[in-house]
Amino acid sequence: PQRLPGRAAVTAAALRAVRAVVFDTDGVITDSARVHAAAWKAAFDVCLREHPPEEPVCRRPFDAEADYLRYVDGKSHLDGAASFLASRGLRLAEAAVAEVAAHKERLFTERLRDGEIGAYPGTVRLLRALHGDGVPLAAASASRHARELLTRSGVLDLFDALVDGAEAARLRLPGKPDPALFLEAARRLGP
């Protein structure tokens, strides 16, 4: 493909005008959204087999793309589990919902420790360029694993602030699509 002359210079000039940037972690900085979705699928599919919904159409397996985005992505693990299970007509006890969420967390943690999750090279280049220009950077994630993901990806030191799932829970911030997580990260970057 033909490269446009000066394209990098135009992009670099536009980025220098940016005062601060808040990045989502899962699926933007790291390829973790795919692994979160796969772990949710495994946990939900077990639950659906053990507690089959009354309606046959609700017994279909968890869709790691559509169901993940609609019911789980950006929510706390308990809210995501409850949201999906309710969509299938399952009214399980709070302890059962917590067990599904805990099963997902165990699966995700195993994959994280196995080194399956990396950062997107293009995002890393952008982070380094912004950091090099002194642009304040924050990362935000509903995941309690965000700090470890960023550390393992070698980019944690580029951020001036991080609001992860543990902080969101401590501050009782609502999950996506509510912008509270990102607003808190921006607030921590200062005026």
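The values are calculated or read from the model by the stated rules, or taken from the named source; none is laboratory data. Bear in mind the structure is a predicted one, so any value in this text is a computation, not a measurement. So basically every Cβ, Gly included, is an ideal-geometry build from the backbone, and we count neighbours across all protein chains shown. Each accessible area value is taken on the protein alone, full model and side chains, heavy atoms only, with ligands, DNA and RNA left out. Shrake-Rupley method; radii C 1.70, N 1.55, O 1.52, S 1.80 Å.
Given H placed on each backbone N at 1.01 Å, which residues far from PHE23 in sequence or on other chains put an amide H within less than 5 Å of it?
Residues meeting the amide H criterion: ALA138, ALA139, ALA140.
Roughly speaking, what is the stretch gain from ALA96 to ARG111, that is 0.36 nm per residue apart minus the C-alpha to C-alpha distance, in nm to one decimal?
3.1 nm
Distance from the Cα centre of region 43-72 to that of region 160-191, in angstrom?
Each part's Cα centre sits 29 Å from the other's.
Using the Cα centre of the chain as the reference point, and only Cβ charges (+1 on K/R, -1 on D/E), how large is the resulting charge dipole? Debye, rounded to the nearest 20.
That gives a dipole near 560 debye.
What helices does the chain have that are whole DSSP H segments, at least 18 Å long along their own axis by Cα, and with mean Kyte-Doolittle hydropathy of 0.0 or more?
Passing helices, by number: 32-50.
Quick check: at a probe of 1.4 Å, how many percent of the accessible area of the chain sits on carbon and sulfur atoms?
The computed percentage sits at 54.
With a bin width of 10 angstrom, please list the P(r) values of region 125-174 as percents of all Cα-Cα pairs, from the 0 bin to the one holding the largest distance.
In whole percents, the pair-distance histogram is 26, 48, 23, 3.
Once region 7-79 is represented by equal point scatterers at the alpha-carbon sites, with solvent omitted, what log10 I(q)/I(0) does the Debye formula produce at q = 0.22, 0.26 Å⁻¹?
-1.00, -1.19
Could you give me D for region 72-130, from Stokes-Einstein at 4 °C and 1.567 mPa s, where the hydrodynamic radius is the Kirkwood radius over C-alpha pairs? Units µm² s⁻¹, please.
D = 95 µm²/s.
Using the Cβ atoms and a cut-off under 13 Å, what net charge is assigned to the surroundings of LEU189, where Lys and Arg are +1 and Asp and Glu are -1? Walk me through the intermediate numbers first.
Numbers: positive: ARG19, ARG187, ARG188; negative: ASP160, GLU184.
Local charge sum for LEU189: +1.
Which translational diffusion coefficient, to the nearest whole µm²/s, is obtained for the chain from the Stokes-Einstein equation, given a Kirkwood hydrodynamic radius over C-alpha pairs, 10 °C and 1.306 mPa s?
88
Could you tell me which of rounded, prolate or oblate describes region 99-191, using a ≥ b ≥ c as the square roots of the eigenvalues of the alpha-carbon gyration tensor, with rounded for a/c under 1.5 and, failing that, prolate when a/b is larger than b/c and oblate otherwise?
Verdict is oblate for region 99-191.
Whole number in Å², please: accessible area per residue of the chain, 1.4 Å probe, ligands, DNA and RNA not counted.
About 56 Å² of surface per residue is accessible.
Given only helices, namely DSSP H runs of n ≥ 4 each adding -39500 (n - 2.57), what is the per-residue ellipticity at 222 nm of the chain, to the nearest 500 deg cm²/dmol?
-15000 deg cm²/dmol
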